[in-house]
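The values are calculated or read from the model by the stated rules, or taken from the named source; none is laboratory data. Only a predicted model underlies this, so the values are computations on that prediction, with no experimental measurement involved. Neighbour counts are summed over all protein chains in view; Cβ atoms, including those assigned to glycine, are modelled from backbone coordinates with ideal geometry.
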Amino acid sequence: MAPLIQIYYKPQTRLEGSDSTEICTRTVQATPLVSQLRVLCCIHCEDNVPGILTLHNAMNATENGLISSYPVHLTELIGRSTPLLGPYKINNMRLMRDSTDRIMKDLSKYSKSFNFSVIIQPFRIISLYKIMHDFICKLAQDESVPLFILPFPESLEILGKGTSLRSLIMGVEEQSPCTVGIFVDRCLLQYSGSTELPFKVAVFFLGGADDREALALVLRMSGNPEVRIKIFRIHLTGDLQENYMEKNLDDCLVKEFGDKNIPPGVEYHEIKANVSVQVLDTIRSMESKYDLVVLGKRRVPKSRLEE
């Protein structure tokens, strides 16, 4: 099964009192392709690192489009210790390395391999899961990131942390000042960018703010010659009450994508579906063919997918 990113955009609570200009710039869509993209990446354990690095590769960092990455190792607070949010600094004098040291060493090595077009600025959060989202959202706001990636590894279900992680995701989605990408990591192999095999990405586009953010993220990947992208725009037929303002925004972004990309790197397909179940069946039937699937979490208001 392909790894999945669900995009969710609701920058509301943390930006109360900010001016409208700041609110508008806290999205991937509003970040120019030839400017620095700031990404906050949460990491639960060492198993998350290959998938996170693969996503960085696909996002196509260049001299004119740097990626400034803020990897954050999330550690559960045990006992009566004080919660901590702060930059990570390696201690070369320490003989024993913990998991944070190993994670940050791998990320630093990755940054050097890309001639620092990916800038790594590591952090560490030690907190109870029930309040961890406050620290994450504060860091996202302080660093003015338009996107952060929060992995949901299936292995955490086995370890019994699924409930705590779901609570963390709900808190992040409610209070985030920027776009949230929930990364369902299904053991995504690390993509080096030098293989002869293309990295295949599919984006399923039904419309609405979340799907536009998903498409904007994939647009950044389209400049990578090793990435092959297929866009599936799904039209719900029947008695759907269409929001024409949203549709116009959708059409503009899809047109921009088409204008900037030429096959075979990008393919565009349109699919008609009658009910939400048919949409889900379509996605499930295709996801095994791709290395990464990207889609928005919420849908256009009054669509059947919200029923």
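Please go through the range 231-245 and give me each residue that is modelled with pLDDT of 85 or more and surrounded by fewer than 18 Cβ atoms within 10 Å (Cβ to Cβ), ordered by number. Even if it seems obvious, please write down each step before you answer.
Taking the range 231-245 as the starting set, the residues that turn out to be modelled with pLDDT of 85 or more are 231-234, 245.
Across the range 231-245, the qualifying residue is only MET245.
Can you work out which of the residues in the range 259-302 that are more than 15 Å from ILE231 (Cα to Cα), surrounded by 15 or more Cβ atoms within 10 Å (Cβ to Cβ) and at pLDDT below 70 is nearest to the chain's Cα centre (by Cα)?
So the residue we want is ARG298.
Quick check, is ASN60 in a helix (DSSP H, G or I), touching a residue at least 60 places away in the same chain (Cβ under 8 Å) and of a type outside the set (Phe, Trp, Tyr)? Let's see the steps before the verdict.
Numbers: in a helix (DSSP H, G or I): no; touching a residue at least 60 places away in the same chain (Cβ under 8 Å): yes; of a type outside the set (Phe, Trp, Tyr): yes.
Judged against the criteria, ASN60 is not a match.
LEU37: modelled with pLDDT of 90 or more, surrounded by fewer than 19 Cβ atoms within 10 Å (Cβ to Cβ) and aliphatic (A, V, I, L, M), yes or no?
Working: modelled with pLDDT of 90 or more: yes; surrounded by fewer than 19 Cβ atoms within 10 Å (Cβ to Cβ): no; aliphatic (A, V, I, L, M): yes.
No; evaluated as a whole, the condition is false for this residue.
A quick yes/no check of all residues on (1) in contact with a helix residue (DSSP H, G or I) (Cβ under 8 Å, 6 or more places away or on another chain); (2) modelled with pLDDT of 90 or more; (3) in a helix (DSSP H, G or I):
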| site | (1), (2), (3) |
| --- | --- |
| ARG166 | no, no, yes |
| PRO177 | yes, yes, no |
| VAL180 | yes, yes, no |
| LEU189 | yes, no, no |
| SER194 | no, no, no |
| PHE204 | yes, yes, no |
| ALA216 | yes, yes, yes |
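What number of residues within the range 22-70 satisfy the criterion of being closer than 23 Å to PHE152 by Cα, small (Gly, Ala, Ser) and touching a Pro at 6+ places or on another chain (Cβ under 8 Å)?
Residues in the range 22-70 being closer than 23 Å to PHE152 by Cα, small (Gly, Ala, Ser) and touching a Pro at 6+ places or on another chain (Cβ under 8 Å): 1 in total.
Output the residues belonging to the range 106-123 that are surrounded by fewer than 13 Cβ atoms within 10 Å (Cβ to Cβ) and farther than 14 Å from ILE67 by Cα.
Scanning the range 106-123 gives a single hit, LYS109.
What are the residues in the range 111-137 that are closer than 24 Å to PRO32 by Cα and outside any loop (DSSP other than H, G, I, E, B), if any?
The answer is SER111, VAL118, ILE119, ILE120, CYS137.
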